[in-house]
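Trainee: First, the structure itself, so that you have it in front of you.
The values are calculated or read from the model by the stated rules, or taken from the named source; none is laboratory data. All values reported here derive from a predicted model rather than from experimental measurement. Neighbour counts are summed over all protein chains in view; Cβ atoms, including those assigned to glycine, are modelled from backbone coordinates with ideal geometry.
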Amino acid sequence: MTEDTIQQISITAGVLVFYFVTRFFITRFNKRYAVRNKIQKDRAVMISKIINFILSLLFAVGIALVWNFNWKDLFFYLTSFFTILGIGLVAQWSILSNVTSALILFFYYPYRIGSKVKIIDGDNSVTGIVRDISMFAIKIEDEDGHLVSYPNNLAIQKPMASMEPKE
């Protein structure tokens with residue numbers, strides 16, 4: 001083995017250790033945050049998966065940099081894939097914005113499941129009880145018992161009011 005190969009293996013081992021330690025602490029922080037803020041367990045698991053996926057991508061890029069990966073080939077395949085995906089799934093950006101909004105709602109959302117809220121959206125205003133907060137939408141049960149699915153990206157953009165009595 002050459003000295004460069006030994007150095008690459010050492011750096012890869014260091015990056016691997018850093019990846020697992022970082023993943024452990026982020027998962028631990030996420031669980032504690034969810035318990036402390038009384039966030040539904042399913043939402044905490046979903047956010048952990050998203051964060052672990054992003055961390056895994058960063059790890060893969062780090063390893064590729066260490067081993068001098070040929071980026072031109074990768075970018076060719078990725079751009080081809082995303083072009084087909086973009087054509088096939090017209091609503092791609094809507095999906096991405098809802099997933100990103102789910103991350104934001106997890107860490108900063110003043111309402112929980114069971115809270116009575118009003119989303120102020122002109123003629124499309126919704127008043128009811130939050131029944132679920134998923135990856136793509138907030139499900140609100142209105143006064144008539146209908147389940148309304150409100151997209152996460154709109155929940156961040158539109159003003160929301162708490163209908164709970166002040167203590």
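Trainee: Does SER94 fit the bill of being among the small types (Gly, Ala, Ser), outside any strand (DSSP E or B) and at pLDDT below 80?
Mentor: Yes: the conditions hold for SER94.
Trainee: So which residues in segment 114-133 are surrounded by fewer than 16 Cβ atoms within 10 Å (Cβ to Cβ) and closer than 23 Å to LYS49 by Cα, if there are any at all?
Mentor: ARG131, ASP132
Trainee: I would also like to ask the following. Kindly indicate which of VAL35, VAL117, VAL61 is of a type in the set (A, V, I, L, M), part of a helix (DSSP H, G or I) and within 28 Å of ILE140 (Cα to Cα).
Mentor: VAL35
Trainee: I need the full set of residues from segment 58-70 which are within 18 Å of ILE11 (Cβ to Cβ) and without any contact (Cβ under 8 Å) to a residue 40 or more places away in the chain, in order please.
Mentor: LEU58, ALA60, VAL61, ALA64, LEU65, ASN68, PHE69
Trainee: Residues that are more than 20 Å from MET135 (Cα to Cα), at pLDDT 80 or above, surrounded by 11 or more Cβ atoms within 10 Å (Cβ to Cβ) and under 23 Å from the mean Cα position of the chain (by Cα): does segment 61-68 have at least one?
Mentor: Scanning segment 61-68, I find at least one residue that is more than 20 Å from MET135 (Cα to Cα), at pLDDT 80 or above, surrounded by 11 or more Cβ atoms within 10 Å (Cβ to Cβ) and under 23 Å from the mean Cα position of the chain (by Cα), so the answer is yes.
Trainee: Here's another thing I want to ask about it. Of these, ASP132, ASP144, ASP123, which one is over 20 Å from ARG43 (Cβ atoms) and modelled with pLDDT of 85 or more?
Mentor: ASP144
Trainee: Then there's this: Scan segment 135-151 and tell me whether some residue there is part of a helix (DSSP H, G or I), of a type in the set (A, V, I, L, M) and surrounded by 16 or more Cβ atoms within 10 Å (Cβ to Cβ).
Mentor: no
Trainee: Suppose we filter ARG23, ARG43, ARG28 for residues that are in contact with a strand residue (DSSP E or B) (Cβ under 7 Å, 6 or more places away or on another chain) and not in a loop (DSSP other than H, G, I, E, B); which single one remains?
Mentor: Only one candidate passes the filter, namely ARG43.
Trainee: For segment 94-113, name all the residues that are within 17 Å of PHE53 (Cβ to Cβ) and in contact (Cβ under 8 Å) with a residue 60 or more places away in the chain.
Mentor: PHE106, PHE107
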